Amino acid sequence: MLYNSLEFALFLLAILTVYYCFSYRAQNVLLILASYFFYGWWDWRFCGLLFFLTLLNYFSALALHSETPQRRTYLCINITGNLAVLGVFKYYNFFIESLAPALSHLGLHPYLPILHIILPIGISFYTFQMMGYTIDVYKGRFPAVRDFISVAAYMSFFPQLLAGPIERAGRMLPQFQKPRSVDSRMVSSGLLLMLIGFFKKIAIADSISPEVDSVFSHAATAPWPELVGGLWLYTIQIYCDFSGYTDIARGVGRLLGFEIMINFNHPYFAANIGEFWRRWHISLSTWLRDYLYIPLGGSREGVFKTYRNLMLTMVLCGLWHGANWTFVTWGALHGMYLCGYRLLFGGAGDNTSRTLPAARAIKLCSILLTFNLVALAWLFFRAPGMSEALIYLQGIILLRGSWENCLFYFWRIVFYIALVLLIDIPQYLHNNHTAMLEWPWVLRGLIYGSMIIFMILLASGNEIPFIYFQF
Amino acid sequence: MKMPRAVILCLCLVFTAEMAALMMVRTGRLEQDKSLQKLLADNVSCLQQKRPPLWLVGNSGLEFGIDQKQLSKDLGLAAISLCHGGATVRGSAAMLEFYLKEVSYKPEYVMLVVSKDDFNPNGLGARTSETYLRLMPWWGKYKKNYSWLRSVRGSLYYKTLTLWSRVFVKKEDLPSWREKYQLIKIDIDQQEFTRAMMNNYIFDSEGLIFFSEICRHHGLKNPGIIFLPITADYAAWHNREFPAMTYPTIRNRLREMCRALGITLIDLGDPLANRDLFRDLFHLSPQGSQYATGLLSPKLSSVIHAGRYFK
């Protein structure tokens, strides 16, 4: 059931029709049923896995909360259990397929069976969310919750189940434990977020998708301006696709009375790579920072260990996205960017004054440079394999082909960038994703109408799944 | 309440855009795009209004292969070509069922126009036909034109492109430029396309049985099959790829099946060496279409007029 489908519209309408009539406890039960129905729509067998992980983490948290000496053992069992599930479903075949050639080089030919299993959708997101809860309980940051219904509702909450944000228990779980009020402000901001999300997904990401597919499938012969353009378009596509999903999730959350965290804070306005990671997929980057980078020692144990920790964190971030060397390379590339930035600038933030024209120009150049570095890394993320990515890169480096007939391509990119900026600039300037609600009603009406007209005109004929569903 | 006023204005804007698109279509300033919905709506409308007694159902092979006007003239009765891109025998049968459900009369003659790949349930056509099979059940209504604005987007895009391109493209280059940047650009690798059509080739007898059952269910008297030719090169390629199911074997199997099911077969399927008669390996060229129609007319005429068509 995709957000951009009629089924989801009917599903949401059916839930909202009865949702407000219930007490918050009954609402939680309804949310669990709705979430399992929503998840089971893809494949009913996934529900069993979700329920198993919910039980594992619920009981682990209760065990970790008590003052028993075996707390550390319980935590190890819990993390092993979660990672084992993730490993079997997501990484087992990848490691086997990578191990087999390595062993054959050594003259060993052991029998390494390949598992014929489907990857449960969103498994990386909810496994990390659940692990975050138990680790927080272990660290004493958040008490274990005894109310199973609240915990199960938090762990399966359908708006953010498939592609995040990876919500922290400390922020999200208390919202399930008290009555929720939904006022007109929440409804209007929720609907606005949904409209923005659908606009990003339908009018921008989906209409770019065929263009990007075409460039990547002809990477060996396409001229370099088309290759660069295709990369820029993919950079826009993945942002609009993923942040569009988050906007819809946040909008649906608000209609249900929940405040879901901001996951994207205009990442392409980042003036350096560190800032980019503070703005892109915030829930994952902060999760990795708090549960991986800092426990590894962060930046406290010398220069070498800092770089090692950065690289390790980013490579694992790449691996989190998928069991493929392209994702590992993408992560490693970002790790190198972060290390390079730290080496050159010591990881200091942007201290330039905004008022000086020269400083503004420098900032603009920094934004463009960061955008292009990020776009280059997306090449490995999007390419089906390493050899295809290298062929694509070769076409750009060798400046294959010519500018001829590429002018129109350029205008299309400008068009899509303009659409993104129309949404992002007001939000960025007001530092508020629903800043539009403060504008005069005439202006808002015209903007909403224009967004719907653009969606009608630019929508793809097919329902295209969100890119991040595969993770 | 701020929101409702903005929402009302938004809806008014969308409604105005829809009405403007409708007016532009009515006054001929914009054209509706080609789409399956439009094709089906046009076919249903044509069937209802003209009530042709001969229905030819098929795919692009029929569209390029049979000259409908010439055939009608030769036979002395109105014919309609109902072409659905990529439809297999099963897909065409599903579309026949769809039209029979949509229109208020039954045709006197129904001919399925096919070539060898249309029997393959593993080919590209079988995947395309899934769309047609979804239209078959009673609830499988095709989507009506739900947005006028959406239906004219190709035309609108073209107009915008024309205006915009004037800024930076020389006047003499405009036609080729527009051709290059048309909205729906289908870039087909002919070799790959053909390979996908005959992917894991097997002869699907079930598709023919399905067609026969639909005809029987609707009381259509003996239905017919027109088997179109392919190039000699393509037949030879097929024979090399599938020695167990060669082109002559397919034709024999088809003949046997038609005899068993009581389907009239007009077999024009002898492979042709003259490549001028074809656009590619199996779609006939205008010249090929004249040739095939010339072969078909007397055969179909004799079948119909000898009364053998109806028992």
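The values are calculated or read from the model by the stated rules, or taken from the named source; none is laboratory data. Quantities reported herein were computed from a predicted structural model and do not represent experimental measurements. Ideal geometry is used to build each Cβ from the backbone, glycine not excepted, and the neighbour counts take in all protein chains shown. For the accessible areas, the whole protein counts, side chains as well, though only heavy atoms, and no ligand, DNA or RNA atoms are used. Shrake-Rupley method; radii C 1.70, N 1.55, O 1.52, S 1.80 Å.
Tabulated values for the structure
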| read-out | value |
| --- | --- |
| Residue selected from the range A:417-449 under the condition aromatic (Phe, Trp, Tyr) and under 22 Å from B:Arg5 (Cβ atoms), by the criterion farthest from the other protein chains (Cβ to nearest Cβ) | A:Trp439 |
| Qualifying residue in the range A:321-339 (condition: free of Cβ contacts under 8 Å to residues at least 40 places away in the same chain, more than 30 Å from A:Ile391 (Cα to Cα) and crowded, with 21+ Cβ neighbours inside 10 Å) | no |
| Every residue from the range A:248-265 that is touching a Ser or Thr at 6+ places or on another chain (Cβ under 7 Å), over 14 Å from A:Arg185 (Cβ atoms) and not hydrophobic (A, V, I, L, M, F, W, C) | A:Asn263 |
| Verdict on A:Ser214 being out of contact with any Pro (no Cβ under 7 Å at 6 or more places or on another chain), open to solvent by less than 30 Å² (accessible area, probe 1.4 Å), within 14 Å of another protein chain (Cβ to nearest Cβ) and modelled with pLDDT under 90 | no |
| Considering residues of the range A:227-261 that are polar (S, T, N, Q) and open to solvent by less than 10 Å² (accessible area, probe 1.4 Å) only, the residue nearest to A:Ser402 (Cα to Cα) | A:Thr235 |
| Qualifying residue in the range A:104-124 (condition: part of a loop (DSSP other than H, G, I, E, B), more than 19 Å from the chain's Cα centre (by Cα) and modelled with pLDDT of 85 or more) | no |
| Test: residue in the range A:185-204 that is farther than 23 Å from A:Tyr74 by Cβ, modelled with pLDDT of 90 or more and of a type in the set (Phe, Trp, Tyr) | yes |
| Residue ranges of helices (runs of 4 or more DSSP H) in the range B:196-311 with at least 2 members hydroxyl-bearing (Ser, Thr, Tyr) | B:205-217, B:247-261, B:286-305 |
| Helices (runs of 4 or more DSSP H) contained in the range B:7-82 and holding at least 2 residues within 14 Å of chain A (Cβ to nearest Cβ) and on the phi < 0 side of the Ramachandran plot | B:36-50 |
| Residue in the range A:459-471 that is more than 8 Å from chain B (Cβ to nearest Cβ), modelled with pLDDT of 90 or more and either under 27 Å from A:Phe125 (Cα atoms) or buried (at least 16 other Cβ atoms within 10 Å of the Cβ) (or both) present | no |
| Positions within the range A:219-266 being in a helix (DSSP H, G or I) and either touching a His at 6+ places or on another chain (Cβ under 8 Å) or of a type in the set (D, E, K, R) (or both), in sequence order | A:Glu226, A:Asp241, A:Phe242, A:Asp247, A:Arg250, A:Arg254 |
| Test for A:Phe380: is it buried (at least 16 other Cβ atoms within 10 Å of the Cβ), closer than 19 Å to A:Ala222 by Cα and modelled with pLDDT of 90 or more | yes |
| Residue among B:Val57, B:Val103, B:Val25 that alone is touching a strand residue (DSSP E or B) at 6+ places or on another chain (Cβ under 9 Å) and in contact (Cβ under 8 Å) with a residue 24 or more places away in the chain | B:Val57 |
